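Below is one structure, written out as structure tokens, with a few remarks after it.
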């Protein structure tokens, strides 16, 4: 398995707390990677997919550390570019599959690619947070077995619906779901707040939709073809601001 490339820059002044955290996180991930290589040898072909997914996720985590440091140093948002959101969804689903129950399934319905204007790493984090929540619930409760994801172009935007067949959310949680500290799965309550913040930074939005069963999220992002259509992004931003 390829190992993470851990490069620590030299500093003229003492490193910031963020740099120190990133350094230690990268080293920790690299050590976990060594343990995974050992487990792969012991598990044989049966554990290969899980190990490959874990290595891919650690590479993502290392990249997130680098991006966080870059943004902190420059104090500016990442540039948006054309990203196929369908490909991102399938990547996240594949990475989560090895840790999901055998009965669990993520089904993606899309007519080919669906390019949006977004930062690729941030788009990954948005989708990962949402699907990771679903997998976490599925591991705890046998009542959640399927997540259906539909992707379609709607004018100058791309609309993504993520619907599960789980137990749904209590009314008290639904009212303040995207606030930091409010969790849909009993955890720390940051994942959905982070997902919404990142969506807004990319000119998009996330909403909790009404559904007869389970939980349904609706995401919208500016379509790649709408890159030069300023009013599209502004209209999404207004909808977010008044949400």
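The values are calculated or read from the model by the stated rules, or taken from the named source; none is laboratory data. Small disclaimer: the values here were computed from a predicted structure and weren't measured. Counting neighbours? That spans all protein chains shown, and the Cβs are built from the backbone with ideal geometry, glycine included.
Of these, 224, 195, which one is closer than 22 Å to residue 154 by Cβ and modelled with pLDDT of 90 or more? The match here is 224. Among the residues of the range 107-164, just one is assigned to a loop (DSSP other than H, G, I, E, B) and either within 28 Å of residue 65 (Cβ to Cβ) or within 13 Å of the chain's Cα centre (by Cα) (or both), namely 119. Within the range 9-18, does at least one residue satisfy the condition of being in a helix (DSSP H, G or I) and modelled with pLDDT under 75? Checking the range 9-18: at least one residue is in a helix (DSSP H, G or I) and modelled with pLDDT under 75.
Rundown of residues vs (1) within 17 Å of residue 204 (Cβ to Cβ); (2) without any contact (Cβ under 8 Å) to a residue 24 or more places away in the chain; (3) in contact with a helix residue (DSSP H, G or I) (Cβ under 7 Å, 6 or more places away or on another chain); (4) surrounded by fewer than 16 Cβ atoms within 10 Å (Cβ to Cβ), yes/no style:
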| position | (1), (2), (3), (4) |
| --- | --- |
| 115 | yes, no, yes, no |
| 118 | yes, no, no, no |
| 123 | yes, no, yes, no |
| 138 | no, no, no, no |
| 162 | yes, no, yes, no |
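Scanning the range 166-174 for any residue that is part of a loop (DSSP other than H, G, I, E, B) and modelled with pLDDT of 95 or more turns up nothing. Does residue 79 fit the bill of being surrounded by 12 or more Cβ atoms within 10 Å (Cβ to Cβ), closer than 30 Å to residue 112 by Cβ and modelled with pLDDT of 75 or more? Against the criterion (surrounded by 12 or more Cβ atoms within 10 Å (Cβ to Cβ), closer than 30 Å to residue 112 by Cβ and modelled with pLDDT of 75 or more), residue 79 does not qualify.
A single entry from 88, 28, 70 fulfils the requirement of being assigned by TED's automatic domain parsing to the domain that holds residue 147, in a helix (DSSP H, G or I) and either modelled with pLDDT under 70 or under 23 Å from residue 139 (Cβ atoms) (or both): 88.
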